[in-house]
Amino acid sequence: MVQLREHAADFEQAGVGIVAIGMETVENAARTQSDAAVAFPVLSDEAGRLVDALQLRDPGGNPSGGDVARSATVLVRPDGTVAEILAAENYRVRPRVKEVLEAVRRVR
């Protein structure tokens, strides 16, 4: 999230809005947004509905044995359709900002 915050101007210049979504409680999502000091919303998908719809669940991927969402960047068109999903193999790896900006340019 720090990289997204540091490159917020690059995303704004590209005409892209950022929303972070995690499999955490609403309270933890709010804490994450505050702790990371980001201006974009951090939302909760505690039940994993969006994660499952996008096939991003990593069963047993959490060190505690629970499920987590794989780190991913989902590019959504203005009409609400998914343009591209940049997904990592596990939750510890995140798509690089450079890759995301290149994907934004590709789908425009």
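A few remarks follow.
- Answer label for semi-axes √(5λ) of the Cα gyration tensor in Å (calculated), chosen among (i) 25, 12, 12; (ii) 22, 17, 13; (iii) 106, 10, 6: (ii)
- Cα lying deepest toward the dipole's positive end in segment 2-107, options GLY65, VAL38, GLY48, charges on Cβ: VAL38
- For the chain, a simple Cβ point-charge model (Lys and Arg +1, Asp and Glu -1, everything else neutral) yields a dipole of about 320 debye relative to the Cα centre.
- Kirkwood-Stokes translational diffusion coefficient of segment 46-108, alpha-carbon pairs, 25 °C, 0.890 mPa s, µm²/s: 195
- Against the main long axis of the alpha-carbon atoms of the chain, helix 26-36 sits at an angle near 50°.
Read the figures in this text as sums done on the coordinates, not as results from a lab. All values reported here derive from a predicted model rather than from experimental measurement. Positions of Cβ are backbone-derived with ideal geometry, glycine not excepted, and every protein chain shown enters the neighbour counts.
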